[in-house]
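**Student:** Dropping a structure here in structure tokens format, bear with me for questions.
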Amino acid sequence: MLLDRLRQRLLDRKAAGLLRQRVTGLGPSDRVAHRDSGAVLNFASNDYLGLANHPTVLKAFHEGLDRYGAGAGASAMVSGHSLAHEQLEHALADWVAPLFPECQCLLFSTGYLANLALLTAITERGDALFCDKLNHASLIDGMRLSEADHRRFPHRDMEALERLLASSQARIKMIVTDGVFSMDGDLAPLQALLNLAERFDATVIVDDAHAMGVLGEEGRGTMALSKICSERFILMGTLGKAAGVSGAFVAAHPLVIEWMQQAARSFIYTTAPPPAISHALLQSVEIIRGDEGSSRRNHLTTLIRHMQSHRSALNTIGLQLPESITPIQPVLIGDNVAAMQCSMALACAGFWVPAIRPPTVPEGTARLRVSLSAAHTIEDVSYLCSALTAPRD
Ligand SMILES: *Cc1c(COP(=O)(O)O)cnc(C)c1O
């Protein structure tokens with residue numbers, strides 16, 4: 001019966017070192033987080049710029065509650081779309097305008113829903129999706145839900161992608177990729193993708209969850225870093241990571257945005273996010289684009305380089321830290337149980353560093369995923385690296 005089966009499955013997962021368990025945070029998730037075992041330096045958050053606890057953002061959140069109430073009350077297409085949402089969509093479009101000849105933005109409750117929308121609403125039977133093997137789970141789920149045919153190419157393998165595109169008879173071709181890969185911290189080769197898209201008349205969907213606010217001029221992400229301005233691109237950015245609050249947006253040609261409002265089920269059939277969130281995000285976007293944003297990004301870059309300067313020291317003791325110019329700094333361990341033990345040892349030493357295991361990452365590549373934030377100090381990173389290299393028995 002069902003409960004017997006679930007009990008057995010849970011036991012199997014436990015035996016394989018794959019059981020997942022939540023840790024309860026007891027206060028703000030900031031540079032320091034509080035767990036029931038005590039205070040820990042937090043290297044487990046995607047709040048890359050430290051905006052989740054920024055006084056200006058918090059003040060705007062309160063103000064938004066007073067102005068708009070707690071909830072949107074309905075789907076955006078019914079009555080849930082407020083002035084705050086409208087203003088945020090305009091502010092986002094203004095921010096990413098240099099990436100597109102013509103651009104409009106559409107807000108979503110989460111990046112997961114935005115990706116489902118992108119992969120299911122635009123393509124139909126007879127079309128094809130070409131997806132990097134290491135794409136985020138939400139893109140994989142969107143791909144599975146889509147009526148389009150789908151092919152996966154080995155991670156960043158442009159020759160394999162070229163062969164797939166060349167042999168495809170699909171009417172509409174969409175290349176789908178993370179901008180920054182979420183468990184490795186490496187970048188998609190966007191210029192090469194654009195070249196292929198032009199040759200094969202394809203569109204490129206970039207999920208820039210880990211790059212918006214973090215990389216490129218004014219934090220415009222990987223397209224800005226590659227100096228791309230093209231209507232062949234559709235950008236998905238999230239607002240719960242560097243922007244510090246919650247939600248996501250799609251930026252694209254106005255026709256794409258108009259069509260999403262007609263056909264994207266994960267946009268239409270869900271309650272609009274609370275307007276206060278949008279009101280707070282107006283401040284996040286302003287900070288990201290301004291002097292404070294660039295100084296936070298500069299500090300973050302210093303931290304990233306400092307972490308990377310420990311590569312050979314980590315390598316000497318068998319821990320591999322791949323090259324990464326992003327706040328995602330994975331320390332490869334391999335074995336699932338060993339990765340968990342390493343994460344638990346770090347927790348005892350006062351560091352919150354999550355162990356990431358399959359199926360989030362491929363079998364045999366369990367790792368610690370260190371996330372750096374502008375809220376950290378250079379000493380925080382030094383302490384972490386000494387803890388990682390400390391001899392263990
Ligand atoms: C976090 C993340 C998402 C999902 O965004 P949410 O707003 O958290 O739902 C999508 N894609 C990537 C690459 C992510 O890292």
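**Student:** Every residue in the range 1-24 that is in a loop (DSSP other than H, G, I, E, B) and either touching a Gly at 6+ places or on another chain (Cβ under 6 Å) or surrounded by 10 or more Cβ atoms within 10 Å (Cβ to Cβ) (or both), please.
**Tutor:** 16, 17, 18, 19, 23
**Student:** I would also like to ask the following. Could you say which residue among 145, 139, 187 is buried (at least 23 other Cβ atoms within 10 Å of the Cβ), within 25 Å of residue 356 (Cβ to Cβ) and in contact (Cβ under 8 Å) with a residue 24 or more places away in the chain?
**Tutor:** 139
**Student:** Limited to the range 340-387, what total is found for residues that are without any contact (Cβ under 8 Å) to a residue 24 or more places away in the chain and in contact with a strand residue (DSSP E or B) (Cβ under 7 Å, 6 or more places away or on another chain)?
**Tutor:** 1
**Student:** If you don't mind, there's one more thing I want to ask. Tell me yes or no: at least one residue of the range 69-85 is part of a strand (DSSP E or B), touching a helix residue (DSSP H, G or I) at 6+ places or on another chain (Cβ under 9 Å) and surrounded by fewer than 18 Cβ atoms within 10 Å (Cβ to Cβ).
**Tutor:** Yes, some residue in the range 69-85 is part of a strand (DSSP E or B), touching a helix residue (DSSP H, G or I) at 6+ places or on another chain (Cβ under 9 Å) and surrounded by fewer than 18 Cβ atoms within 10 Å (Cβ to Cβ).
**Student:** Report whether or not residue 302 is in a loop (DSSP other than H, G, I, E, B) and among the hydroxyl-bearing types (Ser, Thr, Tyr).
**Tutor:** No, not satisfied.
**Student:** How do the helices (runs of 4 or more DSSP H) wholly within the range 307-391 filter down when requiring 2 or more residues that are in contact with a helix residue (DSSP H, G or I) (Cβ under 8 Å, 6 or more places away or on another chain) and among the hydroxyl-bearing types (Ser, Thr, Tyr): which remain?
**Tutor:** Counting at least 2 such residues, we get 378-389.
**Student:** In this structure, is residue 112 within 16 Å of the ligand (Cβ to nearest atom), among the hydroxyl-bearing types (Ser, Thr, Tyr) and farther than 15 Å from residue 257 by Cα?
**Tutor:** When the stated conditions are applied, residue 112 passes them.
**Student:** Could you run through the range 231-259 and say how many residues are touching a residue at least 12 places away in the same chain (Cβ under 8 Å), aliphatic (A, V, I, L, M) and either outside any loop (DSSP other than H, G, I, E, B) or in contact with a His (Cβ under 7 Å, 6 or more places away or on another chain) (or both)?
**Tutor:** Total meeting the criteria: 9.
**Student:** Considering only the range 31-63, how many residues are buried (at least 16 other Cβ atoms within 10 Å of the Cβ) and in contact (Cβ under 8 Å) with a residue 12 or more places away in the chain?
**Tutor:** Total meeting the criteria: 20.
**Student:** Among the residues of the range 11-58, write down those that are among the acidic types (Asp, Glu) and more than 16 Å from the ligand (Cβ to nearest atom).
**Tutor:** Residues satisfying the conditions are 12, 30, 36.
**Student:** While we're on this one: For the range 245-255, give me each residue that is surrounded by fewer than 20 Cβ atoms within 10 Å (Cβ to Cβ) and more than 16 Å from the ligand (Cβ to nearest atom).
**Tutor:** 253, 254, 255
**Student:** Tally time: how many residues in the range 284-329 are among the aliphatic types (A, V, I, L, M) and farther than 20 Å from residue 208 by Cβ?
**Tutor:** 7
**Student:** So, one more: Under 8 Å between Cβ atoms, which residue pairs at least 6 apart in sequence (or on different chains) link something in the range 82-98 that is under 15 Å from residue 237 (Cα atoms) with a partner that is of a type in the set (Lys, Arg) and part of a helix (DSSP H, G or I)?
**Tutor:** Hits for this filter: 95/289.
**Student:** List the number of the failed condition for residue 106; all other conditions in (1) part of a strand (DSSP E or B); (2) closer than 30 Å to residue 341 by Cα; (3) of a type in the set (A, V, I, L, M, F, W, C) hold.
**Tutor:** Among (1) part of a strand (DSSP E or B); (2) closer than 30 Å to residue 341 by Cα; (3) of a type in the set (A, V, I, L, M, F, W, C), residue 106 violates only (2).
**Student:** Consider the range 109-154. How many of its residues are in a strand (DSSP E or B) and in contact with an Asp or Glu (Cβ under 8 Å, 6 or more places away or on another chain)?
**Tutor:** 6
Read the figures in this text as sums done on the coordinates, not as results from a lab. Remember, it's a predicted structure, so these values are computed and weren't measured experimentally. Cβ sites come from the backbone with ideal geometry, for glycine too, and all protein chains shown count toward neighbours.
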